[in-house]
Amino acid sequence: MKSKPKSKKIPITLVLNGQSRDIDSPPNKKLLDVLRDAGLKSVKSGCREGDCGMCTVLVNGVPAKSCLINMETMHGKRVDTLESLGSEEKLHPLQQAFLETGAIQCGFCTPAQILTAKAFLDKNPNPKPEEVREALANVLCRCTGYVRIVDAVLRAAVVLRGEQLQPYIPPEEFYKHDVNEIKLPFGYYRRIGDTKPLLPLVITPESMSKTVSVGKSSIKVDGPKLVTGKPVFTDDVQPEGMLYGALLTSPHAHARIKEIDTNRAKSLAGVRAILTYKDLPRLKYATGGQSYPQPLPHDQVSLDNKVRHVGDRVAVVAADTPEIAAQALELIDVDYEVLEPVLDMEAAMQPGAAVIHDESDTEGIFDASRNIVHHIEAEVGSPDEVFAECDHVFEGEYRTPKQQHGQMEPHICITSFDEDNRLVVRSSTQVPFHVRRIIAPLIDLPVKRIRVIKPRIGGGFGGKQEVLLEDLCAHLTLATGKAVRMEYTRSQEFTSGRTRHRQIIRYKLGIKDEKVVAAELRLIGDTGAYGTHGLTVNMVGGFKGLTLYNAPNSRFICDVVYTTTPPAGAYRGYGAMQEQFAVEVLMEEIAEKLKLDVVEFKRKNWLKLGETMHMARKLGEGREGYDQAMASSAIDECVRIGLKATDFYKKRAAFQSQTGNIHHGIGMAVVIHGSGIAGLDMGAATIKMNDDGSFNLLIGATDLGTGSDTILAQMAAEQLGVPINDIIVYSSDTDFTPFDKGAYASSTTYISGGAVLKAAQNVRRQILVHAAKMLKINNPKDLTIYNRTIIAPDESSVTMEEVALSSLHQMDQHQIMATESHLSYVSPPPTAAQFAEVMVNVESGEIEVERLLMVVDCGRVINPLTAAGQVEGGMAQALGFTLCEDTTFDSAGRITNDSFSKYKMYKSNELPPMDVIFVQTDEPSGPYGAKSVAEISVDGTAPAMVSAIHNATGVWFRDLPLTKEKILAGLR
Ligand code: FES
């Protein structure tokens, strides 16, 4: 929230991007707000607390956080923003390098990173990688793991020194190797101590078909606008006369609102509307952005007379300025009947615990009196009989934290009425089509009167697969008739957003002849105050957690439990991450106890090519699933390559007995994930040909920084025989792009990609038919397309532009275009092997991660650089999950670390070297053989780290995050 400006303005003169500017400003107005008001939208707001660095600009050439700077201190100073550096036509070497290296994912941090790097390179033109990491430490990035950002700065330094620059993307032969020969250039692969980032290695079977656009590390199609700081995010385009919405949240973890009085607030000049539960109809819904019908329970209303966590919604205000809105919130008088908080999921299920959902109008809660929202049981085979016959039965209990998404752009939306009296919702959402469908009944408007626009998104990771602000913002627009903007404060991201599910995981594995023949997974998942993704996350956890080792006799018993904490929701990894951590560690423990080689033990048991996934039908996602078998897998190759690249066995043996305080360790884990939700996720794509032979690709798929717009354009370009810059991508807008379920469940490459491929095949057919007529060729199938040209067997040809002009203006006139939809009844698992190397100080409990390596089979890699960025960023998030990230509460249920200064997320100078190797497979059901990559990237780090720490210390750790205190306690 902005601080209240003093009313009297003072004259300030400063040099802004090279031009002298006279500004009359309240003395305590923040430089950030002045710059954004002046149209310099590259300057971003991520926390307004000086913690994230998104608002960094150069003041007299020095990086400074503009959210902390009062205008009264700025007189006579020089301010430079990204807008001063370069334009799309003439990029600064740093901007060019960020584009070429894949340093941009969502792009929200990019302006601050580039400006910080510029100031650094001005002083240190020939830096070492670790110096770059140190220099960038004040600007957080949640997407990238900083690997390519460091690379970009080093590359720009070469240009700025005037030295010869090598192409960033190596020649094709550099990254093509036959996996069967395993002749890897291990000399190329880095050893501990090397800090220079490396390109991802892409290992390709000779049998894979050759492609032109697919498989290339193309620059992101939205990269140029992101690297120049164009106004592309939700907050960068604001309607005239917009009001500012603000949300009053509960200070209590559990309370009933006895009375709420808004009269004092309403009398404040500039307040335009205040809404409480008294003003809105009580319509039940669920905030999770999932397909129709959303899983029960629908346990929320837009505004309620009961609050169930600190940060729960109480009232909303719309006012002329953010400051008035903030002041109005303070003037709302609420009389609470404070109830007992319920913070522990096991205690929540005990008799006598306070009942969190005691309302009578929520359907679908399994046992409200015990705060159990879902009870799930699923079984195949005869687990009890087989356990009784096993050589050994092992059990283990594991606990995982309530991790924050920590995306840099807060949740934000702007609602307004257009000239046709239709509601336009401009929102940073992963699920624009679900938003439209879910809010329609809440605001009593038909779907046809709502248009949801998804601009660029500053990261989401699942946190924006929820409808958190759109309904309230729309209510304020309905109440005032005016455009309204609502944004979570950074603190509200913690208290009112979503998190990963905290879980207690109890596994029992039965072993006979070194085979896992029976498995039982008992899971308790903490969904927080509302059910939202409680059913589906925990079912996915059960499915993936019982499928990696795929015991034919398996049982899943799960309770999803309410607590009076901020709701858990969708978060990259979606249950699979937690359960695979647990089962991988238990498998290691078993191998140790049975004196087996852990890799061979796992190899004997992991899911094999062609194998049926026993739990696939029983554990769909929130419902019964479909029978599935593994149709492509390189898990074996991934492990073999990783073992070799890291010298695993040699190090593992050497680290068994160590003396002194510093102990080294190396660990590994194998993981699987999925590609979309089988039989449910649907995406569609439209491709339309233009006069010049270019194409519009219209997709409802939601690129939240993952690069999906780019890889979908590559698929279209491949099929249509044109360069990627002939594909103009537009995503996503419910009025203009076809339906897509949105960005979640690792579905975009696989499902939306399937739709793009079908649409491109259809358009290609139409082009060939028309070209055949032009060339007077009987059979269009005799034609080929290469580089914008359609070529006949006799080498006569027409260009793509000639076909476009002919079809639009001259012969058999029609629009060449197609819309296709795609759904799959399988969800092919990508597979991976994760390796971790650590140093543990056994005296202090401190852990230093020396290196992370993930070897990934995600089918065909459509764009190695963007895919590597996904894996690097995923490993960074997963390392936080493993070592330091958790949401902590006091006894009243207040979050004690609700800011980036208190909640630990890794900075650029704190992450280890992270490397990625891809082992390509050809998934038969995937577009060009692709599977997913976004989520498997987070699945393996925790178990590999626990494995490495055990190798270093001989101690098993089962409770994440592994803080120094927990490590010390374990060692003692
Ligand atoms: Fe850095 Fe998204 S690219 S926060």
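Descriptive notes on the structure:
- Condition check for GLU621 on (1) farther than 19 Å from MET668 by Cβ; (2) touching a Leu at 6+ places or on another chain (Cβ under 8 Å); (3) at pLDDT 95 or above: one failure, at (3).
- Residue count for the range 122-157, restricted to those that are buried (at least 17 other Cβ atoms within 10 Å of the Cβ), outside any helix (DSSP H, G or I) and away from the ligand (no atom under 14 Å from the Cβ): 1
- In the set (1) away from the ligand (no atom under 12 Å from the Cβ); (2) in a helix (DSSP H, G or I); (3) under 23 Å from ALA38 (Cβ atoms), the condition left unmet by GLY76 is number (2).
- Residue in the range 904-912 that is modelled with pLDDT under 95, under 26 Å from the mean Cα position of the chain (by Cα) and within 24 Å of LYS651 (Cβ to Cβ) present: yes
- Hey, TYR928 more than 28 Å from SER491 (Cβ to Cβ), in contact with a helix residue (DSSP H, G or I) (Cβ under 9 Å, 6 or more places away or on another chain), open to solvent by 10 Å² or more (accessible area, probe 1.4 Å) and among the aromatic types (Phe, Trp, Tyr) or not: yes
- Residue match in the range 108-131 (condition: of a type in the set (Phe, Trp, Tyr), farther than 22 Å from ALA868 by Cβ, at pLDDT 95 or above and in contact with a helix residue (DSSP H, G or I) (Cβ under 7 Å, 6 or more places away or on another chain)): yes
- Flag: ALA117 does not match the condition of being within 16 Å of the ligand (Cβ to nearest atom) and surrounded by fewer than 24 Cβ atoms within 10 Å (Cβ to Cβ).
- Note on the range 503-622: enclosed helices (runs of 4 or more DSSP H) holding 2 or more residues that are charged (D, E, K, R), more than 27 Å from ALA253 (Cα to Cα) and open to solvent by 20 Å² or more (accessible area, probe 1.4 Å) are 576-593, 598-605.
- Index of the failed condition, SER291 passing every other in (1) buried (at least 17 other Cβ atoms within 10 Å of the Cβ); (2) at pLDDT 95 or above: (2)
- Among the residues examined, ASP733 does not qualify as open to solvent by less than 30 Å² (accessible area, probe 1.4 Å) and within 16 Å of the ligand (Cβ to nearest atom).
- Unique residue being open to solvent by less than 50 Å² (accessible area, probe 1.4 Å) and either out of contact with any strand residue (DSSP E or B) (no Cβ under 8 Å at 6 or more places or on another chain) or under 30 Å from ASP890 (Cβ atoms) (or both) when the list is LEU247, LEU243, LEU226: LEU247
- Residue match in the range 469-492 (condition: outside any helix (DSSP H, G or I), crowded, with 24+ Cβ neighbours inside 10 Å and within 16 Å of the ligand (Cβ to nearest atom)): no
- Just one of the listed residues (ILE457, ILE450) is among the aliphatic types (A, V, I, L, M), more than 28 Å from ASP959 (Cα to Cα) and within 16 Å of the ligand (Cβ to nearest atom), namely ILE457.
- Residues satisfying the stated conditions in the range 77-107, i.e. of a type in the set (D, E, K, R) and closer than 22 Å to GLN870 by Cα: GLU100
- Summed over the range 686-739, the residues that are assigned to a strand (DSSP E or B) and of a type in the set (A, V, I, L, M, F, W, C) give a count of 9.
- Residues being more than 30 Å from ARG308 (Cβ to Cβ), open to solvent by 10 Å² or more (accessible area, probe 1.4 Å) and β-branched (Val, Ile, Thr) - total across the range 863-892: 1
- Filter result (open to solvent by less than 70 Å² (accessible area, probe 1.4 Å) and in a loop (DSSP other than H, G, I, E, B)) within the range 323-342: LEU331, ILE332, LEU339, PRO341, VAL342
- Note on the range 92-114: residues that are over 19 Å from LYS907 (Cα atoms) and within 16 Å of the ligand (Cβ to nearest atom) total 6.
- GLU89 at pLDDT below 95 and either within 16 Å of the ligand (Cβ to nearest atom) or in a loop (DSSP other than H, G, I, E, B) (or both): yes
- Scanning the range 634-685 for residues that are in a strand (DSSP E or B), more than 30 Å from LEU968 (Cβ to Cβ) and open to solvent by less than 10 Å² (accessible area, probe 1.4 Å) turns up ILE672, GLY683, ALA684, ALA685.
- Residues of the range 685-708 that turn out to be away from the ligand (no atom under 16 Å from the Cβ) and closer than 16 Å to TYR744 by Cβ, as a count: 3
- Test: PHE648 is among the aromatic types (Phe, Trp, Tyr) and either over 18 Å from ALA832 (Cα atoms) or without any contact (Cβ under 8 Å) to a residue 12 or more places away in the chain (or both): no
- The set of residues in the range 430-446 that are away from the ligand (no atom under 16 Å from the Cβ) and either in contact (Cβ under 8 Å) with a residue 40 or more places away in the chain or under 30 Å from GLY707 (Cβ atoms) (or both) comprises VAL431, PRO432, PHE433, HIS434, VAL435, ARG436, ARG437, ILE438, ILE439, PRO441, LEU442, ASP444.
The values are calculated or read from the model by the stated rules, or taken from the named source; none is laboratory data. Computed from a prediction, not measured in an experiment: that's the story for all the values here. Please note: Cβ atoms are built from the backbone with ideal geometry, for glycine as well, and neighbour counts cover all protein chains shown. Note: areas computed on protein heavy atoms with side chains; ligands, DNA, RNA excluded. Shrake-Rupley method; radii C 1.70, N 1.55, O 1.52, S 1.80 Å.
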